[in-house]
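No lab work stands behind these numbers, since they all come straight from the coordinates. This structure is a prediction, so every number in the text was calculated from the model and none was measured.
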Amino acid sequence: MKTVPRVLVVEDEPAIAELVAVNLRHNGFQPIWAADGDAAQRELDAVLPDVILLDWMLPGHSGLQLAKKWRASARTKAIPILMITARGDEPDKIAGLDAGADDYITKPFSTQELLARIRAVLRRRAPETMNDSVTVGALVLDAATHRISFESEELKLGPTEFKLLHYLMKHVERVHSRGQLLDKVWGDHVFIEERTVDVHVKRLREALGPAGALVETVRGAGYRLTARPRTS
């Protein structure tokens, strides 16, 4: 028996929520509506959905705050989040992605676009999980224990930055485009914006401290990790 994907719709405007829910039901999804963050949390505590449609502007906790909270929780961090908002400016998109959203859709949107984006995040192919150890110069990463050190000093990285660094270290000196990194680190997405990579590379460099110089930007091409950083 085919499982019907559950979609948690976090939207405070009943008319919009009902319209989205009707279209989801007609296209083979099971919508669950929550009008605010507290209601959404109760639904998540009961049964995890397959994807979350999260409005930016909500009473109480904003969509950004909720996305950050759910990404920080071991139980909910893997659920795809599609942020829905009227804010279409580039800085707002980056803020949504930086908060942990997998994708971003701007109001007004068509039903077909919404459905296509939901299907895209649901069918994405997860990147390979590796439990090896890799060393580049004084930088050491142990995937099995999730530990990273540089010159014997342990570093703290978030889960996405860890995966990004692991992939770059496995392919040292190779230049990767943003699209290639999205496919290999985030999974085989269709709609995820390439700007996501820039956000996480910036975070990775900051977390690496002195070792951040190993992650180089190759103008017009992408990023690479090098064992021989340029000095300037």
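Observations on the structure shown:
- Relative contact order (%) - criterion: Cα under 8 Å, at least six apart; region: region 133-225: 27 percent
- Translational D in µm²/s for the chain (Stokes-Einstein at 10 °C, 1.306 mPa s, Kirkwood Rh from C-alpha pairs): 84 µm²/s
- Based on Cα contacts under 8 Å between residues 6+ apart, the chain shows a relative contact order of 13 percent.
- Taken over region 1-76, the alpha-carbon convex hull comes to 82 cubic angstrom per residue.
- Structural descriptor for region 6-123: relative contact order 23 percent, calculated from alpha carbon pairs under 8 angstrom and at least 6 residues apart.
- At 1.306 mPa s and 10 °C, Stokes D of region 133-225 from Kirkwood alpha-carbon radius, µm² per second: 120 µm²/s
- Using alpha-carbon coordinates, inclination of helix 37-46 to the longest axis of the chain, degrees: 80 degrees
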